[in-house]
Amino acid sequence: MSTAIVKHSQVGLNGTIQVPGDKSISHRAVMFGAIAEGTTTVEGFLPGEDCLSTISCFRKLGVSIEQTEDKVTIEGKGWDGLTEPSEILDVGNSGTTTRLMLGILATRPFHSVIIGDDSIAKRPMARVTEPLRSMGSDIDGRQNGNYTPLSIRGGATKGIKFQSKVASAQVKSAILLAGLQSEGVTSVSEPALSRDHTERMLEAYGVEVKRDGLTVSVEGGQSLKAQHIVVPGDISSAAFFLVAAAIVPNSNITIEGVGMNPTRSGIIDVLLNMGATMTIQNERVVGGEPIADITISTSALKGIEIGGDLIPRLIDEIPVIAVLATQAEGKTVIRDAEELKVKETNRIDTVVSELSKLGAKIQATDDGMIIEGPSSLKGTSVSSFGDHRIGMALAIAGLITDGDVQIGRSDAIAVSYPNFFEHIKQLQQDK
Ligand code: S3P
């Protein structure tokens, strides 16, 4: 198991980087290309472990996929081009692969088995398997289909009207994907708007998607046409460096080509509300997704309250927002974020325990956490617990601790940001 040592940054962070491709969009580009008719090409693909798991699963489903670094070519043969896998589909650490692939397999007339790592084995799947079963798909797994290993025999499914209890793009996407090959109309309503990459990309692949407030619907019997997809930089990866520049003295960095989809850009709202010195330039649209260049420098920050509809817009950024809050004047309260408990780790527990070890004044609540700042952090041994975003949040904290931070299980970072440590080095060298 790998341990990374992060030293207090002796210099400010300066220069320009482009963060790797968006993880959510990379997964979808490959999956939709696999069920589309024709050759799909993807540029800016994230070659992180999660997205490589998606490629590996769809290869096992009979799709020919070539990948070199951030370029991918997928030879789609339509929905019927998917064939019964002779091997188990291993999703590794990836919840998005598991849930979206379940939606696709739910309508395929063959048997398949999904497994993943120890973290996947603890993540709730009933939120997807229950509605897919009610559409007519035959799915089973541990604890009545709530946990992997899962076995799926897809079949003739009927559209449903589904009211999701959680604002989850994975749930919404799985049901809509099944709906595309089901009888009649399928609609999904959610309590708050979750990321809408599926809706945007399905439209790009020629699917008709109806949106009405918090409800999305699709008509069954729709096929996808191959596309050229350009993946924007992942705002969830950019978030680590936005926070780093805001808290490391003498910093001024620019991150180019960052995805600014409004269902994902809650971190920008938080930074601005906390008082960060930040400018957004060069706003443009690439492949149906808004992108921009963001410049940010060391900032005087104040604590804020974060909750409600903002939560789904920044759910993956909360670990690093907690680090940011340790350096803000006053109290930061994060509420309505129970979903943190079912991510790669229970992120309320892991953020609070590891930041406490570094000396942060942080306290867990039922639905989030409360952080009192500013506090001076000290280096010690912590762990990512195999959660990429916990590992990276702790590394960013390590740039301002007194003494080194040793991060156990740092290999997890490759799940979404394989060149994370190179980018830290680059920003420390640029002037
Ligand atoms: C994702 C949706 C979110 C997010 C995850 C990626 C997606 O999960 O946390 O990292 O690509 O659809 P939920 O849909 O479970 O909220």
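The values are calculated or read from the model by the stated rules, or taken from the named source; none is laboratory data. Only a predicted model underlies this, so the values are computations on that prediction, with no experimental measurement involved. Methodologically, a virtual Cβ is constructed for each residue, glycine included, from the backbone with ideal geometry; neighbour enumeration extends over all protein chains shown.
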If you check every pair at least six apart or on different chains, which have Cβ atoms under 7 Å apart with a residue in the range 305-323 that is among the hydroxyl-bearing types (Ser, Thr, Tyr) and in a helix (DSSP H, G or I) first and a residue that is modelled with pLDDT under 95 and more than 14 Å from the ligand (Cβ to nearest atom) second? none
Scan the helices (runs of 4 or more DSSP H) fully inside the range 326-431 and keep the ones with 1 or more residues being surrounded by fewer than 23 Cβ atoms within 10 Å (Cβ to Cβ) and acidic (Asp, Glu). 347-357, 420-429
Considering only residues that are within 14 Å of the ligand (Cβ to nearest atom) and in contact (Cβ under 8 Å) with a residue 24 or more places away in the chain, which ones fall in the range 332-354? 336, 337, 338, 339, 340, 342, 343, 344, 345, 347
Test: residue 135 is closer than 30 Å to residue 261 by Cβ and either assigned by TED's automatic domain parsing to the domain that holds residue 343 or more than 13 Å from the ligand (Cβ to nearest atom) (or both): yes
Sole miss for residue 216 among (1) assigned to a strand (DSSP E or B); (2) out of contact with any Asp or Glu (no Cβ under 9 Å at 6 or more places or on another chain); (3) surrounded by 22 or more Cβ atoms within 10 Å (Cβ to Cβ) is condition (2)
Could you list all residues from the range 165-191 that are within 16 Å of the ligand (Cβ to nearest atom) and hydrophobic (A, V, I, L, M, F, W, C)? 166, 167, 169, 171, 174, 175, 176, 177, 178, 188
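Which is under 18 Å from the mean Cα position of the chain (by Cα) and of a type in the set (A, V, I, L, M), of 100, 105, 82, 132? If you could, list the steps in order and put the result at the bottom.
Details: 105 fails: under 18 Å from the mean Cα position of the chain (by Cα); 82 fails: under 18 Å from the mean Cα position of the chain (by Cα); 132 fails: under 18 Å from the mean Cα position of the chain (by Cα).
Result: 100 is the single residue among 100, 105, 82, 132 that is under 18 Å from the mean Cα position of the chain (by Cα) and of a type in the set (A, V, I, L, M).
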Enumeration of residues in the range 75-104 that are in contact (Cβ under 8 Å) with a residue 60 or more places away in the chain and away from the ligand (no atom under 16 Å from the Cβ): 76, 78, 79, 88
Number of the exception - residue 198 against (1) of a type in the set (S, T, N, Q); (2) in contact with a Gly (Cβ under 8 Å, 6 or more places away or on another chain); (3) closer than 20 Å to residue 29 by Cα: (2)
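Restricting to the range 10-64, count the residues that are part of a helix (DSSP H, G or I) and either touching a Cys at 6+ places or on another chain (Cβ under 8 Å) or of a type in the set (Ser, Thr, Tyr) (or both).
First pass over the range 10-64, keeping only residues part of a helix (DSSP H, G or I): 23-35, 49-60.
When the remaining residues are screened for being either touching a Cys at 6+ places or on another chain (Cβ under 8 Å) or of a type in the set (Ser, Thr, Tyr) (or both), the result is 23-24, 26-27, 30, 53-54, 56.
Residues that pass the stated criteria total 8.
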Being within 27 Å of residue 21 (Cα to Cα), modelled with pLDDT of 95 or more and out of contact with any helix residue (DSSP H, G or I) (no Cβ under 8 Å at 6 or more places or on another chain) narrows 359, 386, 403, 398 down to just 398
So, in the range 377-431, how many residues would count as being touching a His at 6+ places or on another chain (Cβ under 6 Å) and among the hydrophobic types (A, V, I, L, M, F, W, C)? 3
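Based on this model, can you work out whether residue 194 counts as within 16 Å of the ligand (Cβ to nearest atom), part of a helix (DSSP H, G or I), in contact with a Ser or Thr (Cβ under 8 Å, 6 or more places away or on another chain) and in contact (Cβ under 8 Å) with a residue 40 or more places away in the chain?
Working: within 16 Å of the ligand (Cβ to nearest atom): yes; part of a helix (DSSP H, G or I): no; in contact with a Ser or Thr (Cβ under 8 Å, 6 or more places away or on another chain): yes; in contact (Cβ under 8 Å) with a residue 40 or more places away in the chain: yes.
When the stated conditions are applied, residue 194 does not pass them.
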Pull out all pairs, ordered by first then second residue, where Cβ-Cβ is under 8 Å, the residues are six or more apart or on different chains, the first lies in the range 229-256 and is at negative phi, and the second is assigned to a helix (DSSP H, G or I) and aromatic (Phe, Trp, Tyr). 237/420; 240/420; 253/241; 255/241
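Could you identify the single residue in 19, 42 that is closer than 24 Å to residue 207 by Cβ, crowded, with 21+ Cβ neighbours inside 10 Å and among the hydrophobic types (A, V, I, L, M, F, W, C)? Spell out the reasoning first.
On the way: 19 fails: closer than 24 Å to residue 207 by Cβ.
Just one listed residue meets the conditions, 42.
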Just a yes or no: is a residue in the range 252-267 within 16 Å of the ligand (Cβ to nearest atom), under 27 Å from residue 329 (Cβ atoms) and part of a helix (DSSP H, G or I)? yes
